[in-house]
Amino acid sequence: MTKYELYIIDDVFANYYYGRERMFFNLFKEYDEAKAKLKEIIDLQVQYITKPIPSLRIHKLLMQNLQTRKDFYIHQGAYYIENKTGFARLEIKERKMTVESNGNTDTLLTFLEVLRKAEYNFFAFDLNYEQYGWIRPFKGRAFVQKEASNRHS
């Protein structure tokens, strides 16, 4: 199973740290691994660089683009695409979204393609596989920037 977390990064930080996305990834990884007091401190940093998720706007965008699909549905506030080749679930919270998928990546990519249409700096990452990047381009830059950690064998 693949699980991506998505945050909207404030424009000032997104522009300043473009090309140095590893710093964002490391912050979110530290936040995930931190305990007690350190977690509180890192939470303040995450709150400072991120924006709230505009859930109503995202809902409208998802409905406009996916409601005609037979494999798309909403259950208990989460959005699903489920068919015989794969499954994806999108959950929206106050400051982050989570997309989980299993099987063919088409279901995951469908959600990401719709979110890409929004005018936000969505930073996505998978802590398990250490993958991260922007889901939409910055002005004049490549469609998807995806980086993986440099692992030394």
> So which residues in region 34-91 are within 23 Å of residue 117 (Cα to Cα) and among the charged types (D, E, K, R), if there are any at all?
Replying inline: 51, 57, 60, 69, 70, 71, 82, 89, 91
> Is there a residue being surrounded by 12 or more Cβ atoms within 10 Å (Cβ to Cβ), over 16 Å from the mean Cα position of the chain (by Cα), closer than 17 Å to residue 94 by Cα and of a type in the set (Asp, Glu) anywhere in region 29-39?
Replying inline: no
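Here is a yes/no grid of residues against (1) surrounded by 16 or more Cβ atoms within 10 Å (Cβ to Cβ); (2) outside any helix (DSSP H, G or I); (3) touching a residue at least 60 places away in the same chain (Cβ under 8 Å); (4) of a type outside the set (Asp, Glu):
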{"position": "70", "(1), (2), (3), (4)": "no, yes, no, yes"}
{"position": "79", "(1), (2), (3), (4)": "yes, yes, no, yes"}
{"position": "95", "(1), (2), (3), (4)": "no, yes, yes, yes"}
{"position": "113", "(1), (2), (3), (4)": "no, no, no, no"}
{"position": "119", "(1), (2), (3), (4)": "no, yes, no, no"}
{"position": "129", "(1), (2), (3), (4)": "no, yes, yes, yes"}
> Is there any pair with a first residue in region 34-63 that is outside any helix (DSSP H, G or I) and of a type in the set (D, E, K, R) and a second that is surrounded by 15 or more Cβ atoms within 10 Å (Cβ to Cβ) and at pLDDT below 95 whose Cβ atoms are under 8 Å apart and which are 6 or more apart or on different chains, and what are they?
Replying inline: 51/120
>> Considering only residues that are assigned to a helix (DSSP H, G or I) and farther than 22 Å from residue 92 by Cβ, which ones fall in region 1-28?
In response: 12, 15, 16, 22, 23, 26
> Quick check, is residue 128 at pLDDT 95 or above, over 13 Å from the mean Cα position of the chain (by Cα) and polar (S, T, N, Q)?
Replying inline: no
> Restricting attention to region 81-93, which residues are touching a residue at least 24 places away in the same chain (Cβ under 8 Å) and among the acidic types (Asp, Glu)?
Replying inline: 82
> For region 42-68, which residues satisfy the criterion of being surrounded by 13 or more Cβ atoms within 10 Å (Cβ to Cβ), of a type in the set (A, V, I, L, M, F, W, C) and more than 17 Å from the chain's Cα centre (by Cα)?
Replying inline: 42, 63, 66
> Given the conditions (1) of a type in the set (Phe, Trp, Tyr); (2) surrounded by 14 or more Cβ atoms within 10 Å (Cβ to Cβ); (3) modelled with pLDDT under 95, and given that residue 143 satisfies all but one, which numbered condition is not satisfied?
Replying inline: (2)
>> Quick check on region 1-18. Is at least one of its residues farther than 17 Å from residue 133 by Cα and either under 17 Å from the mean Cα position of the chain (by Cα) or in contact (Cβ under 8 Å) with a residue 12 or more places away in the chain (or both)?
In response: yes
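The values are calculated or read from the model by the stated rules, or taken from the named source; none is laboratory data. Just so it is clear, the model here is predicted, and its values are computed rather than measured. Cβ sites come from the backbone with ideal geometry, for glycine too, and all protein chains shown count toward neighbours.
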